[in-house]
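Inspection log for the structure reproduced underneath, given as C-alpha cells.
The values are calculated or read from the model by the stated rules, or taken from the named source; none is laboratory data. Just so you know, these numbers come straight off a predicted model, no measurement behind them. Backbone-built Cβ (ideal geometry, glycine too); neighbour counts: all protein chains shown. Remember, those area values only see protein heavy atoms, side chains included, never the ligands or the DNA or RNA. Shrake-Rupley method; radii C 1.70, N 1.55, O 1.52, S 1.80 Å.
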Amino acid sequence: MNLRNLRKNKLFLLLPVTCHSSLVTAVAAEPLAKGIQDNSFLVEEAYNQEPGVVQHIFNVAINFTNGSREITPSFTQEWPVFSQTHQFSYSIPHTFTETDNGLEDIRFNYRVQVLMEGERTPAFAPRLSLITPIGDANKGFGQDRLGYEINLPFSKIVSDRWTLHFNAGGSIFPDVHGHDLVNYNLGASAIFAISKDFNLMLESVAGCNEDVDSAAESGSAKTALARRIDRSTIALISPGARYAFNLPKDLQIVVGAAVPIGFTSDSPDWGLFFYLSFEHPFVRTMK
C-alpha cells in the first residue's frame, strides 16, 4: 500500500468517528427552551427552585370589564428548602378597584418535586397552599375564612424550542356563612423559544368559582344560612412574551407582558399583564 492510499484509508476511518462526535455534541447541547424555564405568568410551571437560588416575582394585572378597571399587583418569593425537592413560597396580592383598594388573602405555599424532567418524563411538582384570611371580606378581597388549595402542575420540554405546561387544582373555604365554598381551576400553556433569552407564550386558564351572595346583609344565623351560593366561570386566553437578561454573579432578570382576553360573561373583557422577576443565588457555591 502506497503512502497516498494509506492517507485515504485513515481519512475514511476518521470520518465516522468525527460524525459520531458531532452527533454526541448536538445531542448533549442544552435545548433553547431551557434558557427561561420557570417564569410563567398565569400557568404554574413544575420546576422548583435550585438549591441556593431565590426568586422574587412582581406581577401587575390590569383587567377591564364593562368600562371599569381593576388593578391587582402582587409579590411572590420562592425559596428552596435545602434542596430542589422542597420549596416554600408566599404570595401577597393587593387590589385597586374603581371605588376601593386593599390587601387580598395571602398564600403560603409548599411544593414538592415529585418528578424531575427526563427524556420521556414530565416534571411534576404538586403544591399545597394555606390561604390566610387577610383580605377584607366586606370589600370582596377575601372570604374571612382560612382556605386550602392544591395545584398539580406538569411541565415538559417537547423539542429544542417548545415547552408545554398543564395545571389542574382546586381550593376550599369551609363554613363561609354556613357554606363550604369549592373552586376548581385548569390551565395549559405552550412556550416557544425564539432564542435562549426570548420566548413567545400562549397561556389559557379556566376556573369555576363559588361565592356567597352578598345581597343579604349579615343578621341572624337563619339569614346567613339562607344566603345562596353564586357560581361563576372564568376563561381566559393570554398571548404574551418574555425576555431574560443574564447578568454577572448568576443574576437573571426576566421581564414580560401579556394581553389576557376573556371568553365568558364572568371573565374580564380584556386586560394587560406585566411581569418582572429577579433570580439569584443567596449562598456561595463551590467552584
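For this structure, a couple of remarks:
- Counting protein heavy atoms only, segment 34-89 has 57 percent of its accessible area on carbon and sulfur, 1.4 angstrom probe.
- Accessible-area ranking of HIS56, HIS177, HIS165, largest first, probe 1.4 Å: HIS177, HIS56, HIS165
- Estimated at 0.36 nm per residue, the fully extended path between PHE88 and SER195 surpasses their Cα-Cα distance by 35.5 nm.
- Taking label points 7 Å from Cα along the Cα-to-Cβ direction, ILE261 and ASP144 give a separation of 4.0 nm.
- Using the average count of surrounding beta-carbon atoms within 10 Å as a protection proxy, the listed peptides 64-71, 43-50 rank, highest first, as 43-50, 64-71.
- Calculated FRET value between PHE58 and TRP162, using beta carbons and R₀ = 35 Å, to 0.05: 0.80
- Amide hydrogen neighbours beyond the local backbone of GLY135, cut-off 5 Å, H modeled: ASP105, ILE106
- Distance between the pseudo-spin-label points of LEU152 and LEU103 (7 Å out from Cα toward the beta carbon): 3.3 nm.
- Estimated from the Cβ-Cβ distance and a Förster radius of 35 angstrom, the FRET efficiency linking ILE253 and ALA188 is about 0.85.
- Solvent-accessible area per residue for segment 61-163 (1.4 angstrom probe, square angstrom): 55
- Surface share of carbon and sulfur [accessible, 1.4 angstrom probe, percent] for segment 237-287: 68
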